[in-house]
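The values are calculated or read from the model by the stated rules, or taken from the named source; none is laboratory data. Fair warning: this is a prediction, and the values are worked out from it, not measured in the lab. Virtual Cβ from ideal backbone geometry, glycine too; neighbours counted across all protein chains shown.
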Amino acid sequence: MTNVNADLNGIVGEILVTPGAPVGEGDELMILESMKMEIPVVSPIGGTVATVDVAPGVAVTRGQLLLTLDS
């Protein structure tokens, strides 16, 4: 399992994957909004989305768990 954590404080704008979805290294997983900017969260590895731990519109803090991947 690989955790994907927030790199910054922001709001979850859009989630682009669902549990069970295959992803490749560098694929966009979700969009965070911070200071009127949209920042993509990309996959650090190829694998399968195991869990999505946030929802659109939720405020997240730096280091917070966003989702987990199975490699």
Counting only residues that are part of a loop (DSSP other than H, G, I, E, B), farther than 16 Å from SER71 by Cβ, β-branched (Val, Ile, Thr) and in contact (Cβ under 8 Å) with a residue 40 or more places away in the chain, how many does the range 1-51 have? 0
Any residue at all in the range 47-55 that's loosely packed, with under 14 Cβ neighbours inside 10 Å and on the phi > 0 side of the Ramachandran plot? no
Taking the conditions exactly as written (more than 12 Å from LEU8 (Cα to Cα), loosely packed, with under 14 Cβ neighbours inside 10 Å and acidic (Asp, Glu)), does GLU38 satisfy them or not? no
Tally time: how many residues in the range 7-31 are out of contact with any strand residue (DSSP E or B) (no Cβ under 7 Å at 6 or more places or on another chain) and either among the charged types (D, E, K, R) or surrounded by 14 or more Cβ atoms within 10 Å (Cβ to Cβ) (or both)? 2
Looking at SER71, SER43, which one is at pLDDT below 95 and either buried (at least 18 other Cβ atoms within 10 Å of the Cβ) or touching a strand residue (DSSP E or B) at 6+ places or on another chain (Cβ under 7 Å) (or both)? SER71
Given the conditions (1) surrounded by 13 or more Cβ atoms within 10 Å (Cβ to Cβ); (2) in contact (Cβ under 8 Å) with a residue 40 or more places away in the chain, every one holds for ARG62 apart from (1)
So GLY24, is it modelled with pLDDT of 95 or more and on the phi > 0 side of the Ramachandran plot: no
Against the definition (of a type in the set (Val, Ile, Thr) and more than 12 Å from the chain's Cα centre (by Cα)), how does THR61 come out, yes or no? yes
For PRO56: the one exception among (1) part of a strand (DSSP E or B); (2) farther than 16 Å from ASN5 by Cβ; (3) not polar (S, T, N, Q): (1)
